[in-house]
Amino acid sequence: MGITVKDVLQLSVMKPAKVHVGNERIETSEVEWISVIETPVENFVRKNEFVLSTGVGCGDDPDCLEVYVKDVIHSGASALAIATGRYIFKIPDRIQQLALEQNFIIIEIPWNVRFGDILQDVLAEISKEKELEQKQAEGVRQELINCVLNGKGLQEIMTILFQHSQIPVAISDHNKIVRANYEFDQRMIDVLNGVEEGDYELIPTKETPFRDHPLYHYIEEYKIGEQYCYQLTILSNYKKQGYLLFQPKDNEELTWPVLNILEHALTACALYFVKENAIEMTEIRLRDHFLLDLAKSEVEVDKQMQSKAQLLGYELTLPYICLVGSIRFKKKNNHVERAGEQSVLSSSMNSRNYYIQKEITHAGDVLNRRTMTTFEDGEVIVYLEADDHPYMETSNQFLDLIERRLNELLAGINISWGISFPKDGVFVFHQGYDQAVTALNIGKQQHEDGNRTFFSDTRMNRLLMALSHEKEIENIVKDTLEPLIIYDQKRQADLIHTFIVYNKYNSNVSQTARALMLHRQSLLHRLRNIEHLTGLSLLNADDMFLLELSVRLWKLKKVEEE
């Protein structure tokens, strides 16, 4: 609170002054400014202004003086001091009665007291008080900033804010989760954030005591039931970080000093969230690098490695199932975003990946299993804690939980999964990752997007992969399929795919033609071309086996090259 009418009256220049009406209010009536105002008042007097007047123009007209005093009272002035001895010799009884009825302060000043001296002394007193307020505000600002720099939290910021303002306050983050509360009505927050049912409305901007403060344009007032509260948005680099809520008993509590303190608290909160975000991003990067090294390198999991893992919140001494997912997003025009495109970023800090990671953590919590997650090049790598339960059942249950919720959060998302076999115990993170990637790549060749391929189901393909590395077998595959590959490239044909479908339907021409949506004669023409180019007969079982084996080895070779 600034200086009061009592403080003004205690100045030496005001010793001759006499209070006629309102003596009981001089200790509580605040003075923010002083001015000399004569009739007409109009809008020249503002709230909490100490008004000096000689009564010029009203000395011979009591009605004019009464109108003048009424206007001063209605302006919200702190007090009216009238100089007597020239235009007004005695303050009329009707004026005193009016002031009494309006609970207003009327002061008489002798004519020989110069207004200039009064203005000088009162303005000096106001200036001293302003300086004191600024020092106090600066002290609060420093206290709040130090609170953040010294590693304290939002609750400590709210405690400091309440101690200096005596107004109930609370902070919620950008997700509208309450992070700190000091005597603020929790139900009001819940209604405002949509957690609890209740009516609330945003009050339109109106005249308030703090209209001239820079913070005024950023304050939102809400009516919740029969109660009112205010909200300030916490911003950092134009990004919404959270909300500062405060609930004064009435607008009179929102003085300039209090608003200054709120402004400093807003800055401290923004600084806290920036610091928190920086720490979170650093932790995310550390976790990403740690898990990528664990998955992609043959690192020895020694005590130092385990200690580092524990600092990041990981436990490496448990058995894990490795799941690698290839993330795709299908747009409205049926374009599919794939790994490497700008919209699918590698970091866990990418907004889409944030939702995926959140659901992975949630699914792990539901199943009461630890999870470790990271992202790279449009793929998500997950380590899921394993136990005595069948790992396929556990993996499917885990992925069902994730995908059910993700399909509601992220439109068009499609994830193909490769899943390792956890048979080999602990500390086999790289082996598990290799298994999951192998299963994923094989699954992408054999199935549509969104499939789940278990490493244990890929034994035949892995056997063929091993065979494909034999030089002699590689030459046989090349000699068998090269004519078909060259023909397909030159003629834009699809003979290899035609054979795959033909073999799938056990050499049934009618079923193959329907599946390929070809005329029967067109299919027969393709089959004759296959026989002519390869020198093999599709009616000979050995030739069919050779052609099928060659195609499968060729496809698996393509998987390895990817």
Problem - All positions within the range 493-549 that are charged (D, E, K, R) and under 60 Å from the mean Cα position of the chain (by Cα) - result: 494, 504, 514, 520, 526, 548
Completion exercise
Counted residues in the range 247-303 being acidic (Asp, Glu) and in a helix (DSSP H, G or I) come to 8
Practice task
Return the total of residues in the range 1-37 being closer than 19 Å to residue 112 by Cβ and of a type in the set (D, E, K, R).
Solution key: 2
Exercise for the section: For residue 359, state whether it is open to solvent by 20 Å² or more (accessible area, probe 1.4 Å) and within 26 Å of the chain's Cα centre (by Cα). Expected result: no
Practice task
Mind listing whichever residues of the range 393-402 are closer than 24 Å to residue 354 by Cβ, touching a residue at least 12 places away in the same chain (Cβ under 8 Å) and open to solvent by 20 Å² or more (accessible area, probe 1.4 Å)?
Solution key: 397, 401
Practice task
Go through (1) touching a helix residue (DSSP H, G or I) at 6+ places or on another chain (Cβ under 7 Å); (2) at positive phi and name the single condition residue 48 misses.
Solution key: (1)
Completion exercise
Of the residues in the range 20-40, those that are under 11 Å from residue 5 (Cα atoms), assigned to a loop (DSSP other than H, G, I, E, B) and among the hydrophobic types (A, V, I, L, M, F, W, C) come to 26
Practice task
Please find, within the range 173-231, the residue that is modelled with the lowest pLDDT out of those that are within 23 Å of the chain's Cα centre (by Cα) and acidic (Asp, Glu).
Solution key: 196
Exercise for the section: Tell me, please, whether a residue that is modelled with pLDDT of 90 or more, under 28 Å from the mean Cα position of the chain (by Cα) and crowded, with 19+ Cβ neighbours inside 10 Å can be found in the range 246-260. Expected result: yes
Handout entry: Considering residues of the range 403-427 that are among the small types (Gly, Ala, Ser) and open to solvent by less than 50 Å² (accessible area, probe 1.4 Å) only, the residue farthest from the chain's Cα centre (by Cα)
Key = 425
Exercise for the section: Would you be able to say whether some residue in the range 41-52 is open to solvent by less than 60 Å² (accessible area, probe 1.4 Å), part of a helix (DSSP H, G or I) and not basic (Lys, Arg)? Expected result: no
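Given the criteria part of a loop (DSSP other than H, G, I, E, B), small (Gly, Ala, Ser), more than 30 Å from residue 399 (Cβ to Cβ) and open to solvent by less than 70 Å² (accessible area, probe 1.4 Å), does residue 493 qualify?
Answer is yes for this residue.
For (1) farther than 14 Å from residue 77 by Cβ; (2) open to solvent by less than 30 Å² (accessible area, probe 1.4 Å), each residue gets a yes or a no:
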position: 25; (1), (2): no, no
position: 29; (1), (2): no, yes
position: 36; (1), (2): no, no
position: 54; (1), (2): yes, yes
Fill in the blank from the handout: Scanning the range 175-206 for residues that are part of a loop (DSSP other than H, G, I, E, B) and touching a Pro at 6+ places or on another chain (Cβ under 9 Å), the one most open to solvent (accessible area, probe 1.4 Å) turns out to be 185
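Every residue, every condition in (1) assigned to a helix (DSSP H, G or I); (2) open to solvent by 40 Å² or more (accessible area, probe 1.4 Å), yes or no:
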| position | (1), (2) |
| --- | --- |
| 71 | yes, yes |
| 77 | no, no |
| 88 | no, no |
| 94 | yes, yes |
| 138 | yes, yes |
| 152 | no, yes |
| 157 | yes, no |
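The values are calculated or read from the model by the stated rules, or taken from the named source; none is laboratory data. Everything quoted here is computed from the prediction, not taken from an experiment. Backbone-built Cβ (ideal geometry, glycine too); neighbour counts: all protein chains shown. Calculation scope for accessible area: heavy atoms of the full protein, side chains included, ligands and nucleic acids excluded. Shrake-Rupley method; radii C 1.70, N 1.55, O 1.52, S 1.80 Å.
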